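> Have a look at the structure that comes next, please.
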């Protein structure tokens, strides 16, 4: 995962590429001590088979990645380098980008509900109905309601739809310095991204983000009841993934990005058809600063009396271990490069 990959979760590329490819098989008879505990009731989940285990793991990774991907926007919430997340990006990055954009746009120092329109530098506009205490400083009690209309910013994807953000827990100045915290309670109301090349992505749901900054780096915790990802591919095929009861943690510094996550995942894709799993990080996924994909870490996908675990061996390869009974006894193992792995969605 690039950036803040895998939520958790931001190569990565998780979910951003066209669905293609297949699963390679390589039976083995080893065991793992990975925990099989998690939210939900196993009997309510879909069974994972040896044939679709790589696709199950790839979809789980891509869904987690969608939450935490920081690749296309600076992990620093500064007013420089403002960009809107393109179609292949993540929800966290989209929210952070919009907050930066809104405060960079300025406005009266005491804006009390007035609606303003801003021209995006690549075409289109976005309007904001903002209640904030200062022009370019985040304050407790601020709120933003943003409506994008074909907004293209800094050459990224065209953005349409609405998002509302309530701001609380402010300390320091996270916009301009390396010291501060802020809580962003967010509702995504059919917010879509379309770059005209990859899948059009539409996000619907809720997301609470707690962001903090120190001189050592940036940290984010993300949680929510539901986040739906709706993909429309250029060939008009449709994929839908829904993350429920999701949580994640992301830390980024000069060395790279470390992420963890836990959520229930359901949806419909071309390879898996209808599915429902529980997904959790067993070992934090680590993306070196110079790499697009995780170099270490483990993600467990639990189905009905079955499970599959992906382990980043390095920034080039991932191992997929399938357990037919979900008891940690590996009945099939498969090592592929990250590009091939992500293509099995």
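The values are calculated or read from the model by the stated rules, or taken from the named source; none is laboratory data. Please read these numbers as outputs of a predicted model, since none were measured by experiment. No Cβ is skipped: glycine too gets one built from the backbone with ideal geometry, and neighbour counts run over all protein chains shown.
> Filter the range 192-215 down to the residues that are in contact with a strand residue (DSSP E or B) (Cβ under 6 Å, 6 or more places away or on another chain) and closer than 16 Å to residue 251 by Cβ and list them by number. Working first, answer last.
Of the range 192-215, the ones in contact with a strand residue (DSSP E or B) (Cβ under 6 Å, 6 or more places away or on another chain) are 192-194, 199-213.
Matches in the range 192-215: 209, 210, 211, 212, 213.
> Right, another one. Name the residues in the range 174-198 that are over 18 Å from the mean Cα position of the chain (by Cα), in a loop (DSSP other than H, G, I, E, B) and surrounded by 15 or more Cβ atoms within 10 Å (Cβ to Cβ), would you?
Of the range 174-198, the ones over 18 Å from the mean Cα position of the chain (by Cα) are 174-182, 196-197.
From what is left, the residues that are in a loop (DSSP other than H, G, I, E, B) are 174-179, 196-197.
Residues satisfying the conditions are 174, 175, 176, 178.
> Identify, from the list 269, 242, 281, the residue that is assigned by TED's automatic domain parsing to the domain that holds residue 62 and closer than 15 Å to residue 201 by Cα.
269
> Which of (1) farther than 17 Å from residue 53 by Cβ; (2) out of contact with any helix residue (DSSP H, G or I) (no Cβ under 7 Å at 6 or more places or on another chain) is the odd one out, the single condition residue 293 does not satisfy?
Here residue 293 meets the rest and fails (2).
> I've got another one for you. Could you list all residues from the range 228-250 that are closer than 30 Å to residue 212 by Cα and either surrounded by 21 or more Cβ atoms within 10 Å (Cβ to Cβ) or modelled with pLDDT of 90 or more (or both)?
228, 229, 241, 242, 243, 244, 245, 246, 247, 248, 249, 250
> As an exercise: evaluate residue 205 against (1) farther than 25 Å from residue 52 by Cβ; (2) part of a strand (DSSP E or B); (3) not assigned by TED's automatic domain parsing to the domain that holds residue 185 and give the number of the one condition it does not meet.
Going through the list (1) farther than 25 Å from residue 52 by Cβ; (2) part of a strand (DSSP E or B); (3) not assigned by TED's automatic domain parsing to the domain that holds residue 185, residue 205 breaks only (3).
> Within the range 300-345, which residues are in contact with a helix residue (DSSP H, G or I) (Cβ under 9 Å, 6 or more places away or on another chain) and farther than 20 Å from residue 271 by Cα?
305, 312, 315, 316, 317, 326
> Would you confirm whether or not the range 153-164 contains a residue that is under 25 Å from the mean Cα position of the chain (by Cα), part of a loop (DSSP other than H, G, I, E, B) and surrounded by fewer than 16 Cβ atoms within 10 Å (Cβ to Cβ)? Walk me through it before giving the result.
Step one: of the range 153-164, the residues under 25 Å from the mean Cα position of the chain (by Cα) are 153-164.
Then keep just the ones that are part of a loop (DSSP other than H, G, I, E, B); that gives 153-157.
Subset that is surrounded by fewer than 16 Cβ atoms within 10 Å (Cβ to Cβ): 155.
Scanning the range 153-164 turns up at least one residue that is under 25 Å from the mean Cα position of the chain (by Cα), part of a loop (DSSP other than H, G, I, E, B) and surrounded by fewer than 16 Cβ atoms within 10 Å (Cβ to Cβ).
> Out of all the residues in the range 128-152, which are outside any loop (DSSP other than H, G, I, E, B) and more than 23 Å from residue 182 (Cα to Cα)?
148, 149, 150, 151
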